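*Asks:* My structure is below; once you've seen it, I'll send some questions.
The values are calculated or read from the model by the stated rules, or taken from the named source; none is laboratory data. Because the structure is predicted, anything quoted here is derived from the model rather than measured. We place every Cβ from the backbone using ideal geometry, glycine too, and count neighbours over all the protein chains shown. All accessible areas refer to the heavy atoms of the entire protein, side chains included, with ligands and DNA or RNA removed. Shrake-Rupley method; radii C 1.70, N 1.55, O 1.52, S 1.80 Å.
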Amino acid sequence: MGKQYDVIDDRLRSFVTSQPVYFVATAPESGGHVNVSPKGYADTFAVLDDTTVAYLDLDGSGVETIAHLRNNGRITIMFASFSGPPKIVRLYGTGEVVTPDDARFEALLKNFGPHPAVRSVIVVSCDRIADSCGYAVPFMAFEHDRTLLDEHHELDSSKKRQTQRSSALRESIDGLFGLHPGETDPANRRS
């Protein structure tokens, strides 16, 4: 049976920070496509306080989450147990995109491990924290993180990344604003 919580207590904090994968869901204000992104790397998610979480946003194949957050702020992060007791935790809230030109960026980065091609930190103020059973979620064994994204960005030149950001990541697949050209380039200094 599911339950709702006022805060991310120690038990919930331990659960969410120990999952090797989590899922981020956003959608535009009206119409358009719902986006669900799987996230990995254990050191890319952090609980900042009892109702605030954050994750490291790395360059990827699109800018849907950023565009949706800038459009309406709505976000849900879901964690599911693939080993041990069945459990699903969902963190519903309002997300904010913190880019390298924001004064808070450097302090937020200290919550995460180093990764090349960091474009932002997504900070989520949770207004609903809930769990459910997860009885139908299968058992699956975690072997290890895929290192391909980091390896790809370590091999990728800074100039190529700037070109990619300036064209492909300006807007979402539905035409919503995503990133200004060069908006996230200072994040590469952590690689």
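*Asks:* Per Stokes-Einstein, at 37 °C and 0.692 mPa s, what whole-number D in µm² s⁻¹ belongs to the stretch 1-138, with the Kirkwood radius over Cα pairs as the hydrodynamic radius?
*Replies:* Translational diffusion coefficient: 214 µm²/s.
*Asks:* For the stretch 1-128, with only Lys/Arg (+1) and Asp/Glu (-1) charged at the beta-carbon, what is the dipole magnitude about the Cα centre, in debye rounded to 20?
*Replies:* 420 debye
*Asks:* If you roll a 1.4 Å probe over the stretch 1-147 with all protein chains in place, what percent of the accessible area is carbon or sulfur?
*Replies:* Looking at the stretch 1-147 in its full context, I get 54 percent from C and S.
*Asks:* Taking only protein heavy atoms into account and a 1.4 Å probe, give the accessible area per residue of the stretch 1-129 in Å².
*Replies:* I get 43 Å² per residue for the stretch 1-129.
*Asks:* What are the radius of gyration and Dmax of the stretch 1-69, computed over its Cα atoms and given in Å?
*Replies:* Computed over the Cα atoms of the stretch 1-69, radius of gyration and Dmax are 13.8, 38 Å.
*Asks:* So, one more: Treating cross-link reach as a plain straight distance, find the aspartates and glutamates whose alpha-carbon is under 12 Å from the alpha-carbon of Lys110, omitting any fewer than eight places away in the same chain.
*Replies:* Those aspartates and glutamates meeting the cut-off are Asp43.
*Asks:* Here's something else I'd like to know. On full extension of the chain, what length is gained from Ser132 through Ile173, given 0.36 nm per residue of separation minus the C-alpha to C-alpha distance?
*Replies:* Taking 0.36 nm per residue and subtracting the Cα distance, the gain is 11.6 nm.
*Asks:* What nm value, rounded to one decimal, do you get for the distance between Asp101 and Met140 when each label is placed 7 Å out toward the C-beta?
*Replies:* A separation of 3.8 nm, rounded to one decimal place.
*Asks:* Between Ser61 and Phe23, how many nm apart are label points set 7 Å from Cα along the C-beta direction?
*Replies:* Placing both labels 7 Å along Cα→Cβ, they lie 1.6 nm apart.
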